[in-house]
1. Ranking request for peptides 238-249, 76-87: highest mean number of other beta-carbon atoms within 10 Å first, then the rest in descending order.
2. Full extension from residue 516 to residue 286: what is 0.36 nm times the residue separation minus their Cα-Cα distance, to one decimal in nm?
3. Please give the length that would be gained between residue 271 and residue 38 if that part of the chain were fully extended, namely 0.36 nm times their separation in residues minus their C-alpha to C-alpha distance (nm, one decimal).
4. So how far, in whole Å, is the C-alpha centre of segment 28-71 from the one of segment 407-486?
5. With each pseudo-label sitting 7 Å past Cα toward Cβ, what's the residue 303-residue 567 distance in nm, one decimal?
6. Calculated FRET efficiency, residue 406 and residue 502, Cβ-Cβ r, R0 25 Å, to nearest 0.05?
7. Could you order peptides 33-40, 423-430, 261-268 by the average number of other Cβ atoms within 10 Å of their residues, highest first?
8. Quick one: if the Förster radius is 30 Å, what FRET efficiency do residue 397 and residue 495 give, using the C-beta to C-beta distance and rounding to 0.05?
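Read-outs throughout are calculated quantities, based only on the coordinates presented, and are distinct from any laboratory measurement. Just so you know, these numbers come straight off a predicted model, no measurement behind them. No Cβ is skipped: glycine too gets one built from the backbone with ideal geometry, and neighbour counts run over all protein chains shown.
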């Protein structure tokens, strides 16, 4: 077994192919077994069991027909009006001649009803008290008295006198019914003793199995054998069915609705399932033989198919730096495997070169887009500052102009030095301080600003000039309709590998719908930047420009949010949250 199952990671290609085909073969054979079981064996088993149930039902139907014939016999006797007249007078007289005439007349009525063919044992007529009046054969004596049965039935309510009842009298079973007219008046009772030989004949010749007939109380009425040996005959809730007992028998039963008697057909399980087992064993033998032959065929086929790969593997093992000129064995008929390997290696080399060129081109493209977006900010910033310096010069504020020129000089040095290189958040905050200092020369004490940052700001990398547009947006738009003092707070936080910048003002806030418009513009600009065919436009000024350059650097590791203050607080806040991951591109 170790040759085929050395380990999960040590299986040879031949073993893997062999096991794959074996698994597929087992699946197909499993489906075939299920198909045979569902389409052949199961229907055959059900058909055999149904045949046993049909045999039991047939015997039960024959028994119903026999009892129904006794019912018709009793109705023929009751159809004669003479019987009512005779029983109406009763045996009140002591004249023996009249008694004999009454008996002879009743026997004539019985003979006319029974006819020449007699399939009963005897017939007896009783008076209303249950005393015997006349017997057809006259051999029953006091055994046929109904006095005890009538008293019991009236006490326990087992029979109300309507219809007929089958009652065991001694060793015999009798068909008993009341003799009454159309008005329901009872004149006496009629008892027909059933023929045990005739009942026993019904249980013979039913094929493989023994037949037993039990009454409502579970006592034997007739059977193939005197007693049910090695069989479990139990009453069930349903009127008919099949069950397996504890003696390895299949028992088919059918209960008669008219008599309440149950017919049982007991058949040994091996006799019932003999044909089914033959089909099943034959199927198992054929499937096993096919399985073994398939295993042998798959093993040798996979061995011959993978032989060239084994040769190629052994030749690769012999290649070293000293024998690079080893010749490959090209006598294999599966030379396509070797050619495929060579083509794959060449494909890998060309693919690696293409990946390197694509990485370089993508890096250069990102740098170019970042530089172009940054170039939009610088002229706009210089224009605004020079305008402020000109206003201060016109007002004769020499010291202010000198101070503003110094701040402008530092800002220009920050802008023009390596524009495509990223800077730290601390450098960006320092440039923002220069810008706010320049702007404050215009608004003086009306503008109050403050920057809260610690040394952690030196660990965050940013593109140049991404914070200034947000501050400039506050000055140009947020304070246009509010009274001074105007306040701008910039806060830098760092936690759990993330950094966050919040720019907060106490201005008018964004007008209704403006925030949704800004977020839609950001999504539209991002969609243009990620499309398959990028346009030449590099975006608008302000928020879209800054967020676009940040996303060029951080991709999906950047979160941007803007909202108006709630709970009566004036102004708005801009949030920029990013990851400290160093792999920016």
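1. Per-residue mean Cβ counts within 10 Å order the peptides as 76-87, 238-249.
2. The span from residue 516 to residue 286 would gain 75.4 nm if fully extended.
3. Full-extension gain reported as 81.8 nm.
4. 95
5. 8.3
6. Taking R0 as 25 Å, the efficiency between residue 406 and residue 502 is 0.30.
7. 261-268, 423-430, 33-40
8. Step by step, r from the Cβ atoms, then E = 0.10.
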